[in-house]
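None of the figures in this text is laboratory data; all of them are computed from the coordinates on show. Since the structure is predicted, the reported quantities are computational estimates derived from the model, not experimental observations. Note that we place each Cβ from the backbone using ideal geometry, even for glycine, and neighbour counts take in every protein chain shown.
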Amino acid sequence: MIEDPGVLNNGESHDRALMPDLIHRLVQKSQKAKAFGHCPYIHFLVRAALLDWDGMIFLGCNVENACYSLGICTERTAIQTAASKGSKYFAAIAVASDVEEEFTTPCRACQQVIRKFGSEWWIVLTMPSGSYIIKTLGDLLPFSFGPVKLAMK
Ligand code: ZN
C-alpha cells in the first residue's frame, strides 16, 4: 500500500524531513496497518510502515503459512512491496506490535534484508502506547554482512 506521496520530495534536506512529527506519523501508520496482518497460527501480529526518500510510505504485515518457514515478516513485506514499486532508498521503518512491555525489534533475517539497503537509516521501534525509540541497523546488527563485503577481494 502506498500513501502520502511527496512528503519528503519537496526540496528540503533529509535532516529536516525526519522531524519528530513525521516520525510520529510513521509510528501511527505502522500501528494502523494491523488490519492487513495474516497470522492465524501464532497470533503474533507485527506491522510496519516504511518511508522512502521520495516520501512514499509502504505498509507491511507478517503473513504466516501453515508451513511455518514459508511465512514472511512484516519488515520484509514492506521492503519487498517498496522494491517492487521501484523504491530502494529508505529513510525509516516503524515497527509495531501489540506487545506492551517492550519494543519489538526486527528479527535477524529482516535485519539482514534491511542491511541490504543501508546500515544507517532509522528503525523506529514502537509500543501500542505510541512511545517509540529510534535505532539504526548499525545499532541492532553492528557486524552485519552487506554489499560492500562482496566488493572486497
Ligand atoms: Zn523478520
Tally, over region 64-92, of residues that are in contact with a Pro (Cβ under 8 Å, 6 or more places away or on another chain) and either touching a residue at least 60 places away in the same chain (Cβ under 8 Å) or under 13 Å from VAL113 (Cα atoms) (or both): 2
Lone qualifier among ALA91, ALA66 - being under 20 Å from ALA33 (Cα atoms) and not β-branched (Val, Ile, Thr): ALA91
Extreme residue, nearest to LEU26 (Cα to Cα), among residues of region 62-92 that are away from the ligand (no atom under 12 Å from the Cβ) and assigned to a strand (DSSP E or B): ALA92
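Take the conditions surrounded by fewer than 21 Cβ atoms within 10 Å (Cβ to Cβ), among the aliphatic types (A, V, I, L, M) and over 22 Å from VAL148 (Cα atoms) and apply them to ILE133. Does it pass?
Values: surrounded by fewer than 21 Cβ atoms within 10 Å (Cβ to Cβ): yes; among the aliphatic types (A, V, I, L, M): yes; over 22 Å from VAL148 (Cα atoms): yes.
So ILE133 fits the description; yes.
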